[in-house]
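Notes to accompany the following structure.
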Amino acid sequence: MIWLIFICLMACPVALVFYYWRDFARDAQAYSPQWFLQWLQRGLLAPIFVWILMNVGRSPLMPPLTRYIGFLRKNGFGFHAFMAQIWLAGMVIVACWAVLSLGWFLTSLFRRARNKDDLVIAAIVWSPVLLLATWPFMYFFGWSGGAIGAFFWVWPLTHYILGVADVKPPPPTYSAAIAKMKFGKYADAELAIIAQLEKCETDFDGWMMLADLYANQFHDVSEAEKTICELCDEPATTPSQVSVALHRLADWQLNLRKDPAAAKRVLEEICRRMPGTHLARMARHRINQLPHSVQELEAQHEPKKVIMPAWVEELDSSKPATPLSAEDGMALVNQLVLQLTKDPNEVAPREKLARVLANHLKKHDLAIEQLELLLGMPEQPAAKSAEWLALMASWMLEQHAENEKVEKILERLIHEFPQSPQAFAAQRRLTLMRVKPYRLRTEPADRVEED
């Protein structure tokens, strides 16, 4: 009977600590049942064993530390001394362990509670009342009863604070899952994500990470779609999160399945769930931009060809292979002048006249005048205008005109027709013209002569 009472007295504080630990572990999400068993062994079994060794009193050099046990041993009550030793050791150690455990729980709750001020005020108000209740234990049992009295002070305070503490559970951590994915251990990463979601079943980021794992690593878009649909049906998921999840699912339908129709169906779900909102308008805008077929989708992913302008090394790239004689050139000029007399607005004869004057008769001034007349005509094609300006600059260079005049024509060509092939050649020519005078001023004379 005595042993039964002893066991019950020892088990009650342990049971109470275990009861409150469940609520604490549920909020902290960091302490498993295995952790509690290890804490129980380290906190109870080892101290009890040490207490027994220190109170056996078999050696005169090491008498019992507890006065009551020493008194019983002195009067020869061996059995009672042994039972008192076990009882006092157990009760004091269990009480100390329970006080430390509950105090640890309270400290953690105070740190994480959002209503910390209310908890502090409650602890200040209730502590004097509870200390009065523990005073009899300290008075009758001395310092050994102080541990039991401290337990009866911490226990009601823990019971009260666990019920009123507004503790926000810590968010799930997916660092372990991310590390496993980086090493290619996708099955282990899936288990790590699911383990975190079991602690917080409504975590949006965790479900999205799991769906992304199914789609991109396991290539199972159907399972990813099922996960996204369950997440969207969760009441805790906000409308913006629903929109993000469905847009991501539409991306997987397009990029992994090559199914524009399925992507359109997913985006229409946003319009159905949130009609009239900006999220629905964004989804409708994307639906209008979706390809209508797989062929059109593949065409969108093909690299676009960029047509670059042809490279023109020289400004005048249309010089005749065989020049005309002076007589033939003059005859052709007279023929073109007669044609222009009938219709001065004809472009082709005037351009031909300018080329004959410059290339065959070497009359560059007259040829440049003809090109200036062409440039003055309204509604001329940009390609022809750029070509005429390039010809003017080339002919000026041939007759060794002043650099300022040539630079003015080149700058006009670059400014008015920057994307034309002649503009690229003009930029190169203009750079060379501006660099050469600098070299003439700075480099030795013999080196300039070699150039």
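No value in this document is a laboratory result; all are computed from the given coordinates. A quick note: this is a predicted structure, and the numbers were derived from the prediction, not measured. Note that each Cβ is placed from the backbone with ideal geometry, even for glycine, and that neighbours are counted across all protein chains shown.
Provide Rg over Rh for the stretch 330-450; use the alpha carbon set for both Rg and the Kirkwood Rh (inverse mean inverse pair distance). The partial results should precede the final answer.
On the way: Rg = 17.0 Å, Rh = 15.8 Å.
For the stretch 330-450, the value is 1.07.
In sequence order, the stretch 355-368 has phi-based couplings of 5, 5, 4, 7, 7, 10, 9, 6, 9, 5, 4, 5, 5, 5 Hz under the Karplus curve 6.51 cos²θ - 1.76 cosθ + 1.60, θ = phi - 60°, and Gly or Pro positions carry x.
Working ranking of peptides 174-184, 218-228 by packing, defined as the average number of other Cβ atoms within 10 Å per residue, highest first, is 218-228, 174-184.
For the stretch 374-381, 3J(HN,Hα) computed residue by residue from phi via the Karplus equation (6.51, -1.76, 1.60; θ = phi - 60°) reads 5, 5, x, 6, x, 6, 8, x Hz, glycine and proline entered as x. Between A122 and K182, the FRET efficiency from the beta-carbon distance, with R0 = 41 Å, is close to 0.30.
Applying D = kT/(6 pi eta Rh) to the stretch 229-269, where Rh is the Kirkwood radius over alpha-carbon pairs, T corresponds to 25 °C and eta to 0.890 mPa s, the Stokes-Einstein value obtained is 237 µm²/s.
The charge dipole of the stretch 205-261, taken about the Cα centre with unit charges on the Cβ atoms of Lys, Arg (+1) and Asp, Glu (-1), comes to about 200 debye, rounded to the nearest 20.
Would you mind calculating the relative contact order of the stretch 330-450 from Cα pairs under 8 angstrom and at least 6 residues apart, reporting the percent as a whole number? Could you put the intermediate results ahead of the total?
Working: 88 pairs, mean separation 18.6, N = 121.
Computed over the stretch 330-450, the figure is 15 percent.
Taking θ as phi - 60° and the Karplus parameters 6.51, -1.76 and 1.60, the scalar couplings of the stretch 173-189 work out to 10, 10, 5, 5, 5, 5, 4, 5, 5, 5, 8, x, 8, 6, 5, 5, 5 Hz in sequence order, x denoting glycine and proline. Legend: calculated FRET efficiency, D205 to C8, from the Cβ-Cβ distance at R0 = 51 Å, rounded to 0.05, equals 0.60.
The loop-placed GluC sites (Glu not before Pro) in the stretch 336-441, going by DSSP, that have at most 10 neighbouring Cβ atoms within 10 Å of their Cβ come out as E379, E402.
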